[in-house]
Structure formats: C-alpha cells, structure tokens
1. Regarding L95, is this residue at pLDDT 75 or above, surrounded by 17 or more Cβ atoms within 10 Å (Cβ to Cβ) and touching a Leu at 6+ places or on another chain (Cβ under 9 Å)?
2. I'd like to know if region 223-246 contains one or more residues that are of a type in the set (A, V, I, L, M, F, W, C), open to solvent by less than 80 Å² (accessible area, probe 1.4 Å), modelled with pLDDT of 85 or more and in a helix (DSSP H, G or I).
3. Going through region 98-119 one residue at a time, which ones are basic (K, R) and either touching a His at 6+ places or on another chain (Cβ under 6 Å) or at pLDDT 90 or above (or both)?
4. Return only the number of the condition from (1) surrounded by fewer than 13 Cβ atoms within 10 Å (Cβ to Cβ); (2) assigned to a loop (DSSP other than H, G, I, E, B) that E111 does not satisfy.
5. Which residue is surrounded by the most Cβ atoms within 10 Å (Cβ to Cβ), if the candidates are limited to region 193-220 and must be in a helix (DSSP H, G or I) and in contact with an Asp or Glu (Cβ under 8 Å, 6 or more places away or on another chain)?
6. Checking the conditions here, which among G213, G208 is within 30 Å of K299 (Cβ to Cβ) and at pLDDT 85 or above?
7. Mind checking which residues of region 260-292 are of a type in the set (A, V, I, L, M), in a helix (DSSP H, G or I) and open to solvent by less than 10 Å² (accessible area, probe 1.4 Å)?
8. Consider L154 against the criteria (1) assigned to a loop (DSSP other than H, G, I, E, B); (2) in contact with a strand residue (DSSP E or B) (Cβ under 9 Å, 6 or more places away or on another chain); (3) not acidic (D, E): it satisfies all of them except one. Which criterion is unmet?
Amino acid sequence: MDQSAGTLQLQNLVSPDIVNALNLLLKITSSCRKGCIQMVQNSVGGHLTMTSLTRLLQSLSVSKPVIRLIITAVQGHLQHFSDGGHFVSMLTVLLSTKSMNLNVSNSYLTELYDRFLTIIVEDITADSSKINIDISSLKQMTNFVKTIIARKPLCKLNPYDLDNFSKLLVQVFASYLPCEGRSGSWEENIYIIPVEGLPVSNSELYQGLLLQGYQLPQTAMNNVRKVNNQIPVAVVTVSMTGDTEEIMDAEYEIFNDLSEEKTVLSRIMKFCDRCAELNVGVIFCQKVIHPSVKSYLYKQNILPVERLGSQMIPFILKLTGAQSLRSFTVSLSDIGHLDSIEHQTINKKSYLFLKKQESPVATLMLTSDHEESVQELKAVCSCTIPWRDSSSYILPEEDAK
C-alpha cells in the first residue's frame, strides 16, 4: 500500500513484480541453506557484503512493502528464537506464492494461517522442543558451540581454530552466568568488538571494557584523580558543547552582551568545578565536549572521554556503578568508580582499557584477517551462541566462580 500526493494506492499482490520479488527472495534464502556464501550489493554499487545468512537480511535493500514485511517478520523470529531463519523465510514465501494460485478466499486463508501460527508457536515454546544441555560439562558445551560455528563457512575456521574459538566462547558463557551480585542477559554483560587484520587465534576476553579509538595524553592519565586507589567517574548523557536544546526546557531572556553558548558553557564550567570538588577523575560523555571545557578539565586533572554513543553508555554505567547525568547537576551518589584506566595498542589501533576488580561486564574481542569474516563472527556470537538465553541458568555464587 503506497500513499503519495494525498492519494492512497493499493498494490495487487498477484502482480508480476510482486511474484518475481517473492521468487527472488526464495532463491536467495534457499541457496544460503545449502551452505553458499552470498554477495550482496545494491544496483547502484556501494558496499559489498558477503554472508551465509546471519547478516543477509539486514544487507538487502528492499523497496516493495510486501518483501519488507516478510524480512521484518523473519528478523523478529531470529531475534526471539535465534534460529530457524531459513525455514521461516522460505515457508512464508511459499505460503504467499501458493496462496495466490488457490481458489480460496483471502479471509479464509488468513484465518487458517493464523491457526497454524498458533500451533507452531505453541510447539516451539514447549519444553519438549528444548534441548537440555549439561552446562557443567565443558566438553558437551564446546561440542554444542562447534556445531553452530562450523556451519558458517565465511568464518573461515580450520579445525584447530574452531576448537580454540569454541572453548573461548564457552569460557565467556561460564564466566558470566547470572549469579548473586550479577544479573542480566549476556547482551548486558558482554561487549563485543570486531578487530580486522589479526588471526582468529588472537580473539580474547578482557575483564572490563575496551574503548576503541581513544588516545589520551599519558601525562594526564598518570595524574588522574584517585580516592582510596580508585578513580571516581561521572557519566554525562547530554552534549557538553554549549548547546541549549537538550538542557533548557524553558523560556529565557539573554541580554545583548551575552550569548546562549557562553551562558551554557559557564554552567558547564561550574559543573566541572563541582566534579573537581567531588574528586572526579574521569568524565565520560555520550556526546561531544567543547574544546575549552576539555582544556579546563585537563587542568583540573580530570580526563574527558567523549563521543561514546548510546551503545557504550549502559556498559560504562554497569561497570562503574555511576548514575547517568542528564543535566549539569551532580551529587556524590551519582559518582561511580574504576580501579584503573590504561592505554593499549591492538593491531596499530588505540584503545582505552577500563578495569575494575570483579568486573560485572567484559569485552569479547573477535579477530579475523578479513572484514566480512570478523563481522560474520560477531553476528554468530550475537545471535546463535547459547548464552543468549543465559538468564535462565541461575547458579549459586560459588558455583559460578
């Protein structure tokens, strides 16, 4: 259904264009089922994506609403069940194409398919459909992970690398099972970063967080403020550039000899002074910090770390125990702590390593010699490894250790 120029237009589902698009989608997904590697690129060029299926759907550039609906449904299934993408995609397309040739009313077919869907969902979610895995057996867990990764030819793992990589993933799973003092799914506890240009054997688990692309002055890192051998930190989720849109939800009047930016920057400077009074050693900012503010922070022996993005902030909050600051008001209860912050160079790229004893979060660094291979590894780890539902495994604290 398209809506343009104020006119509502209905698309005919049995039109040749729709049928051809459905057949093409069926051809793409069925070839992946046979273990083929797909190369995806839009008709006008652009980035070339290679994948077996894990990243195929998100790489497709789709214009027809019917195909977009099917892809969204399959992605929703994968997000919930982590498996069966081939089957759901092909079944949906086959039901659609076969229904067009049936002499049966659409309303009857809709009611029938809705009933089928209820039966299938009940069967998938039933306990009899689940595989019981003894998570105390490292051999059984490793073999289970192997069977998943070995089916992904783009990961390019030889038997030796496959064995070691599977053991690493089992180590991650076992180390971050929910227990007393640690909660949440693996997605809340494990941050995954792909590193291109290194062999798979260099993949490693870091107890803490690795922030890519940061290289702070070594002198400033050596002089960072500490309290009882810990580094107090503050986490700001609004811009620190002097913008007013995010922090002022009110009417205000500025005199001719003042500017909005200077007024807000003055407020930010007072915030920095308050952080210095609380002995804050690092300010993590989700967005951008004004150059003059960064310079002022360095003079106060406070490290400014900016442009973190919304994806990284939850991990930093969980690691440090800080509260997110949505305005330039801070109290002692908002402050978190780190044991140390170090600079590391990995494959000629700069990283900040945030460390804390008994860290509740970790960084899984995935390495491979090719961009598409390392992205495929990341997708496999994100979607199909058993710890995706690790919240259902609750171990006593002593067992988890």
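1. On the way: at pLDDT 75 or above: yes; surrounded by 17 or more Cβ atoms within 10 Å (Cβ to Cβ): no; touching a Leu at 6+ places or on another chain (Cβ under 9 Å): yes.
Judged against the criteria, L95 is not a match.
2. Scanning region 223-246, I find no residue that is of a type in the set (A, V, I, L, M, F, W, C), open to solvent by less than 80 Å² (accessible area, probe 1.4 Å), modelled with pLDDT of 85 or more and in a helix (DSSP H, G or I), so the answer is no.
3. Here is the first cut: in region 98-119, the ones basic (K, R) are 98, 115.
The answer is R115, and nothing else.
4. (2)
5. In the first step, residues of region 193-220 are kept if they are in a helix (DSSP H, G or I); the result is 200-202, 218-220.
Subsequent filtering for residues that are in contact with an Asp or Glu (Cβ under 8 Å, 6 or more places away or on another chain) retains 200-201.
Values: V200: 22, S201: 12.
Checked region 193-220; the qualifying residue surrounded by the most Cβ atoms within 10 Å (Cβ to Cβ) is V200.
6. Working: G213 fails: at pLDDT 85 or above.
After ruling out the rest, the residue left standing is G208.
7. Answer for region 260-292, where residues must be of a type in the set (A, V, I, L, M), in a helix (DSSP H, G or I) and open to solvent by less than 10 Å² (accessible area, probe 1.4 Å): V264, I268.
8. (1)
The values are calculated or read from the model by the stated rules, or taken from the named source; none is laboratory data. As the structure is a prediction and not an experimental result, all values here were calculated from the model. FYI the Cβ positions are ideal-geometry reconstructions off the backbone, even for glycines, and counts take in every protein chain you see. The accessibility values were calculated without ligands, DNA or RNA, using every heavy atom of the protein model including side chains. Shrake-Rupley method; radii C 1.70, N 1.55, O 1.52, S 1.80 Å.
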